[in-house]
Amino acid sequence: MAGETAADFAPILYMLGFGLVASVPALILSRLVSPRRRYNPVKFLPMECGQMPTGEGRSHFMMQYYAYILMFVVFDVMSIFLYAWGTALFSIPKAATLPIIGFLGIMFAAMGYALFLAGRKGIW
Amino acid sequence: MSSNNNKEEPKKPAAAPPAKPSTTKTTAPAKPATPAAAKPPAPAAPKPAAAAPPPKKEPEPPAFEKGLVDEIKKKFGDSIKTVFIRPLRIKIQVEPRDITEVATFLRDSMGFDHAESVTGTDYPKDGQIEVTYHLGSYSRDDLGAQVLSLTTRTNRDDARLPTLINVYKSVEYHERETFEMLGVYFDGHPRNERFLLPEDWADIPPLRKDFRIKGR
Amino acid sequence: MATYTKNFRFGEFVGSLIWLILWILIIIALVGLPLIFIVLFYVPLPPVNGQVLTPYLFLTMTVDPSRTLPIIKYMIHTDLFRITTFPGFTYAALIAAVTIFIERKFLAKMQLRVGPLYAGKIEGILQLIADGLKLIAKEIIVPSGADKPLFWAAPIAFVAAAAAVVALIPAAPTWVAANVDVGLLAVFAILGFFPLIALLFSWASNSKYPFIGGLRALHQMIAFEIPFILSALSVVILSGTLNLTGIVNSQITSYWFIFFAPISAFVFYISSLAELERIPFDLPEAESEIVAGWLTETSGMIYGLLQLGSYVKTYALAALFVILFLGGWAGPAVMPVELIPGYTGVQIYNHTTADAILWFTLKVFGVIMLMLLPRGISPRIRIDILLHTGWYKLIVLAFINIFVALALIYGGILGPGGLLVR
Amino acid sequence: MTGGPHMADPIFIAVAVLTVGTAILALEARELIYGAIALAISMLGIAGFFLLLDAPFVAMFQIAVYVGAVAVLIIFTVMLVRTQALFTTKEDKKRKGAGIALMLIIMASLGALLLASGLNGQFGNFDNAQTVDFKQIGHLMLTYYAPALIILGLTLAGSVIAALALARREDVEQQHERTD
Amino acid sequence: MTSLEDKFEESKRLGLQIVKESEEDRLMTLSIGPQHPGSGHFRFTIKVDGDYIVYCDPDPGYVHRGEEKMSEYRNFIQNIPHLERPVIHDSTNITYAYSLAVEELVGIEVPRRGQYIRAIASELNRQVYTLYWLAIYGIFLGHSTMFMWPTGDRELFIDLLEALTGARVTHAFNIPGGVRNDTPDGFKDRCIRQVRYFEKRLKEYEDIFYNNPLFRQRTEQVGVLTKEDAIKLGVAGSVLRASGIPYDIRKAEPYDIYNEIDFKVQYMKTGDSFARSYVPFLDMKESCHIIEQLLDKMPQSGEVRAKLQPNPKGPPGEAYRRVESGRGALGYHIISDGTPKPYRVKISVGSFRNMLALPFLLVGQKLADMPSVYWSLNYWPVEADR
Amino acid sequence: MWSNNMSELIDFMLVAVALVAVGIYGLVVKRNAIRMLFSIEIIANAANLTLVAFSRGLSNAQGQTFALFSIAIAAAEVAVGLGLIIVAYRLYKEIDVAEFRSMRG
Amino acid sequence: MTSAGDLIKAIESGSKHLVIRRFTFRYPEQKLKFVGDGYQFDPKRGVGIAGYRGRHILFHDKCTGCQLCAIACEGIAEAIGMVKVDEQWKQNKKAIMPQIDFGKCVFCGLCVDACPFYALFMTNDYELSSFTKEHLIYTPAQLAIKPKYQGDVEIVIDDRGATHG
């Protein structure tokens, strides 16, 4: 029977929907109740500490820590892979721990080198 | 480019008439604050008659300060005018063209290593602006209490002085302030710009005497 | 409002009230009643106690007390109740509200202040309602040049995602909205939305300070997500399941996992602080550097929703801590067996569930207090120190405890047939 | 519980429309950032398919990795690239038409191929197939596919180092580095 | 050599990579202030390259009110209430130097008891100022408890000053010739009791704030101002003493009765943000000792104020007197032309001098270090603008 | 097409085919490097969908295991791909692949 | 591991304060106790008498209308103006008395210092807020009223910390 698991997950979707149901009326109500004074265009300028905004608000190169985001993609995958191992731990033979040790070893080496690279200042 | 010309000009009036208010300062300190040179307060004998050599008017200049002035005088001779020598306070006046040299000497040989403040005073009667650098010392312990006022005068209408920013890094903002408050242009200062006043300030420099506060 | 008082006339006021009531009645008659009838005709109603629940029966049941209990009992066991009320949204929002109040008073006490005092007469207990009303009544300012769809959608998505995490939290045996086999993984999957929402919202604001704040939020959540996942891994190893109810049950048959995985608990605690952007990890909202971080351009109810979402998230993570490390609802029985002594009719009161709810709530509040504590005693830390902590220290600590857990399993102390399993 | 056999069909259609629609939107959205969001939603749709296929572990993995990590990385990179670079649409109409034609041809031919194949008969109907416990994944991964796991580890390690090596700034590498 | 180039060179000395190419891509201009929770009435523009500040330009003047010009229109006594406005949290000290200078010009001697009361008020006010400064430093670093505690304990000293002077912040207490009034009854006991209690509280500050490892991580080795640079920039007060120069006007040029008081000049050698934030704390500790000594040594009775006519004037002349305020040396340069109104008043304040260190220290730091460096400079924007 | 009320393997396959076609369309038409990356991701996801669908049909976990591997590798590929795009953007200030080609010389 | 110890110390210091009495002073219910009745000045000795500098009090039987207070205030706040009063006092032939605009007053008390006749003192009253600026201008008649200020809260210091009553 397909879709049994999906039915288990349905309450999450409902809850998400209920989150919408709880929050959207709050916004609508606020929109109805609150005053709307739009005659002062300065009010709608982006925050720039009382100055006229200069430059773009959006383009910014926070390059110094970009390495960590790159690393995250890979090591997130690694850590969730470990869950597959963790849940199956009771059902696999003890010798099967060796591959995961090998996997972890490789990942540790990669992580160590990557962290070394990411920690070096001035190249990011 | 024309800074050379402009520098030459103000020195003449600065040299010619000794300014009245500054040379007549003969008030002895009523209450000496120094622990070391605790002098009995001499009765104040203000003599407003302008005279050329002011040091003589001082009751008796304290020895240490006198020594400092002598050291400067030995190097620069008569281009230095001593305005007064008091306990812990010395005021000397130099020509604008000499000021960089004197300041460099004061910094390198005397140990006055920073400027506490730069201030200017407008003397419309003399047509001059007096700019004073209060120099102090952190590195010499015996100079810790001393404040040497290095003074120079410039023409009021075309106020230009050489900057001391290359000698004293600490005068950067003070000179900027003096520029906008008194209109003294410091040749060689990187930013003779608005500093404290509003961005749309379009009046004469406010600390000049002909600037009046509204309603007063 | 001052202008109203000048020419205020009582007759006009009453008249306007009557007009208002009239309009409401007209709207109900024209829209509400047909809607209700359509629902009643087309939606099949379930049988309760052998009878099909018709609207008529529903009305009689509300009048007859002996018929009230079955219908309440039926309503309690629907999905709708779970989602809206008990382990779901209302419970979480209630705990969030109490958390806000406790936070204010607790912090005030620590700082020798009194905290909210006047709203609600008793120690400012209605301050939150006052704040909520104020936020609703405030104008929402959308900065010019903002990306309007994203700007409006992000707070809603924030609340919805926080609520979706709550759906996975079991608050008592069988009391969970979504009993999923991969519950823990689902929690992490949903938590992964938050950095994205923060980033998109900050981008949508079209302002510099929010953008820096959003980038910081992203970096911070990302740096702590891996320790977060890894610290829960040792619990998974110890219990052998990803189902949150199963994790609690395996702690009931054994001991609380905080005794076996204290380092993991510590890492989890620190990481959840970082995920929640609470002090000392509130860099995305560091007000002395970047005004208010990614919340700079928020105003009115948008800010209110983001706060609601973050406090619901606080509840969710505290509950997760309780479930993973503190044995969930496990605790000695303290509630009376019967609510009304001698009553033997249809009971909606179940004392084991009541016990579970009590202990769970108490533990959650304990953990929440622990999460509030650093706000009083520590300054904000810097982003490079934060990244360094997350990547270089906590990951190592989490791995240490994974190996400890592994040793416990392979040493035969825990796991199926282990020494410490009752 | 809701769900169950009656629900599967409309839900399937909904998820299919969502997935394919957002996939198209991801490519056609005017702003790249909306494209990235659409891609993330498309990935969520795929995760929904996984749930419909009774693979919750893979579904959650998909959400955690694609939405939690890949979408974040993509959106972050999109934000790094300056706005004017994003608005260059240099595709000509002819090329686009050809692309759409190619898409339709592939769709039609492969679809026909699929329909003509005997997939329906053999195990097309999921009724008689057992659902798989996700714990078997870990079991398989560590026993039979252990070499693959190791190779995967090597791939991941290589990719992270390659990505870091690519993304760093070469222009300042020659100069001295900060040491602190 | 322009100022910007100069800063770039300095930043190179600090070891920062200044982007040469594709600058417009990487740099973002942020304006800190005037409506910024982390600036005060002050604005500085910074440019950040990612997380690093590569350029900083202070732009003060938002609270400039021309105190120096205003002083030329009022007589020596009338100047007192408005001259304390630039820094009302330290209003005794800022009028102290003014009073000293006017006394020198007019030629009056302050009675001994008056000198002691002046010094007591000045030390109490220093505590008030430093506690306020510390509170803001706490909230700048996100430590809300450290905001609440000092603001609460500041109340101890405000109450004392209120009993002594009659106003809670704007005391207008020092006056040329002494102080306005004598101490009230029981002031000494109350003062000693509250100062003793405060000394106990200082230990709590150390526990929760100064010894907190998170605080240390944020401030140690951040914004290091070496001894040479400190001298070169001519900074004052706690910033100077944190860089290893034990220079305190109270010791270097003792005014009034400070040469009779036994105290040490507190200084540290590291010159980082931590030292700059710790030196005022040490000063507070030392100040407690000074207050106790002053109360002990104070003459039991006597005049507190020299008689002088309502419009005091002296002979033409000039005076430059300094005191050690909460922010360092505070000097008044007054030129008198013989009339009851000063011809020219120049206020040389520590904040204005310390502002020069701001771009010097900020360039090369991380954005998150901005508040910790900025506020550790003991900068009070209103005072710098005057 | 659907004989009963259930979705079948073939339906999932059809969706996968549609996704692959969309991906190929993107690869052919789009010149923006990031959009091409999107296309690759869409195709990879179609492959994953097929794997899991067959796994469901055959009642074994191998398909799911491979889907996991595939997702992991796709993530790694995205990391490398975006690294490449960043490099290219830095060099050429452009993320249009045609521009890369023309500026190679 | 000194840093861990320091952190624990910080936590302990913070949580210790959960049982310490709170310091906050609840203003409308509690009011501070001030020294004396207000700032006064003794022109014979030329020195003030310590007290709180709140709203002024004017003794009509002593005021001579000499305007010294107004002159003193001229350069400071310009808050004092002399107005005609209806009353007849023999020491005040011109029948003018000060009127104080508390919207401008800075409460420096130099007008009290200037008064040579013990006519103008200050009181403990500081609750002067009003809805309009006009209400802040106190006529001589209003200034003559002695305020009823009752403050009784002082800082109490004991083993459990300091508190405002």
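The values are calculated or read from the model by the stated rules, or taken from the named source; none is laboratory data. Everything numeric in this text was worked out from a predicted model, so none of it was measured. All Cβ positions, glycine included, derive from the backbone under ideal geometry; neighbour counts span all protein chains shown.
Quick notes
- Candidates are the residues of segment C:135-157 that are among the charged types (D, E, K, R) and not in a helix (DSSP H, G or I); the one that is nearest to C:Phe201 (Cα to Cα) is C:Asp147.
- Among residues of segment E:26-47 that are facing chain C (nearest Cβ under 8 Å), those with a beta-carbon under 7 Å from a residue that is small (Gly, Ala, Ser) and surrounded by 20 or more Cβ atoms within 10 Å (Cβ to Cβ) at least six positions away or on a different chain give the pairs E:Pro37/C:Ser288; E:Gly38/C:Ser288.
- Of all the numbered requirements in (1) surrounded by fewer than 24 Cβ atoms within 10 Å (Cβ to Cβ); (2) in a helix (DSSP H, G or I); (3) under 20 Å from the mean Cα position of the chain (by Cα), E:His64 misses one, and that requirement is (2).
- Considering segment G:108-165, and only residues there that are of a type in the set (S, T, N, Q) and either in a loop (DSSP other than H, G, I, E, B) or touching a residue at least 40 places away in the same chain (Cβ under 8 Å) (or both), the residue that is farthest from G:Leu18 (Cα to Cα) turns out to be G:Thr139.
- Residue identified as of a type in the set (Gly, Ala, Ser) and not in a loop (DSSP other than H, G, I, E, B) among C:Gly115, C:Gly120, C:Gly132: C:Gly132
- Considering only residues in segment G:49-60 that are touching a residue at least 24 places away in the same chain (Cβ under 8 Å) and more than 10 Å from G:Met122 (Cβ to Cβ), the one that is farthest from the other protein chains (Cβ to nearest Cβ) turns out to be G:His60.
- Test: residue in segment E:86-94 that is without any contact (Cβ under 8 Å) to a residue 12 or more places away in the chain and either out of contact with any Cys (no Cβ under 6 Å at 6 or more places or on another chain) or within 21 Å of E:Asp189 (Cβ to Cβ) (or both): no
- A single member of E:Ile231, E:Ile175, E:Ile208 is without any contact (Cβ under 8 Å) to a residue 24 or more places away in the chain, surrounded by 20 or more Cβ atoms within 10 Å (Cβ to Cβ) and of a type in the set (Val, Ile, Thr), and it is E:Ile231.
- Sole residue being surrounded by 15 or more Cβ atoms within 10 Å (Cβ to Cβ), part of a helix (DSSP H, G or I) and among the aromatic types (Phe, Trp, Tyr), chosen from C:Phe106, C:Phe86: C:Phe106
- Matching residues in segment G:1-32 - criterion: being of a type in the set (Ser, Thr, Tyr), closer than 26 Å to C:Leu117 by Cα and more than 8 Å from every other protein chain (Cβ to nearest Cβ): G:Tyr27
Listed here are the residues, each with its yes/no results for (1) under 30 Å from E:Asp369 (Cβ atoms); (2) in a helix (DSSP H, G or I).
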| residue | (1), (2) |
| --- | --- |
| C:Arg216 | yes, yes |
| C:Ala223 | yes, yes |
| C:Val236 | no, yes |
| C:Trp256 | no, no |
| C:Phe268 | yes, yes |
| C:Phe281 | yes, no |
| C:Ser288 | yes, yes |
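- All positions within segment E:234-282 that are buried (at least 20 other Cβ atoms within 10 Å of the Cβ), β-branched (Val, Ile, Thr) and over 16 Å from the mean Cα position of the chain (by Cα): E:Ile245
- C:Val187 vs. criteria facing another protein chain (nearest Cβ under 7 Å), β-branched (Val, Ile, Thr), within 22 Å of the chain's Cα centre (by Cα) and farther than 20 Å from C:Leu150 by Cα: no
- Of all residues in segment C:215-225, those being within 11 Å of chain A (Cβ to nearest Cβ) and under 22 Å from the mean Cα position of the chain (by Cα) number 6.
- C:Trp256 being buried (at least 21 other Cβ atoms within 10 Å of the Cβ), modelled with pLDDT under 90 and touching a Leu at 6+ places or on another chain (Cβ under 9 Å): no
- Condition met for C:Ile279 (touching a residue at least 60 places away in the same chain (Cβ under 8 Å), within 14 Å of chain E (Cβ to nearest Cβ) and within 20 Å of the chain's Cα centre (by Cα)): yes
- Test: residue in segment E:364-378 that is within 12 Å of chain B (Cβ to nearest Cβ), outside any loop (DSSP other than H, G, I, E, B), surrounded by 24 or more Cβ atoms within 10 Å (Cβ to Cβ) and out of contact with any Ser or Thr (no Cβ under 7 Å at 6 or more places or on another chain): no
- Criterion: out of contact with any Cys (no Cβ under 6 Å at 6 or more places or on another chain) and at pLDDT 85 or above - qualifying residue of D:Val17, D:Val81: D:Val17
- Qualifying residue in segment G:44-65 (condition: among the small types (Gly, Ala, Ser) and not in a loop (DSSP other than H, G, I, E, B)): yes
- So D:Phe134, is it within 11 Å of chain C (Cβ to nearest Cβ), at pLDDT 80 or above and within 30 Å of A:Val77 (Cα to Cα): no
- Number of residues in segment A:90-106 that are facing chain D (nearest Cβ under 8 Å) and either aromatic (Phe, Trp, Tyr) or surrounded by 24 or more Cβ atoms within 10 Å (Cβ to Cβ) (or both): the value is 2.
- Matching entry among B:Leu182, B:Leu150, B:Leu143, B:Leu161 (being over 20 Å from E:Ser351 (Cα atoms), out of contact with any strand residue (DSSP E or B) (no Cβ under 6 Å at 6 or more places or on another chain) and buried (at least 21 other Cβ atoms within 10 Å of the Cβ)): B:Leu143
- Some residue of segment D:23-30 being modelled with pLDDT of 85 or more, under 12 Å from the mean Cα position of the chain (by Cα) and in a helix (DSSP H, G or I): yes
- Search result, residues across segment E:155-170 that are within 21 Å of the chain's Cα centre (by Cα) and part of a helix (DSSP H, G or I): E:Glu155, E:Leu156, E:Phe157, E:Ile158, E:Asp159, E:Leu160, E:Leu161, E:Glu162, E:Thr165
- Which listed residue, of C:Tyr269, C:Tyr303, is over 21 Å from C:Arg104 (Cβ atoms), in contact (Cβ under 8 Å) with a residue 24 or more places away in the chain and hydroxyl-bearing (Ser, Thr, Tyr): C:Tyr269
- In segment G:66-86, the residues that are in a loop (DSSP other than H, G, I, E, B) and either surrounded by fewer than 14 Cβ atoms within 10 Å (Cβ to Cβ) or of a type in the set (S, T, N, Q) (or both): G:Gln67, G:Glu78, G:Asp86
- Some residue of segment F:21-41 being surrounded by fewer than 22 Cβ atoms within 10 Å (Cβ to Cβ) and over 30 Å from D:Val78 (Cα atoms): no
- So C:Ile290, is it crowded, with 24+ Cβ neighbours inside 10 Å and under 23 Å from the mean Cα position of the chain (by Cα): no
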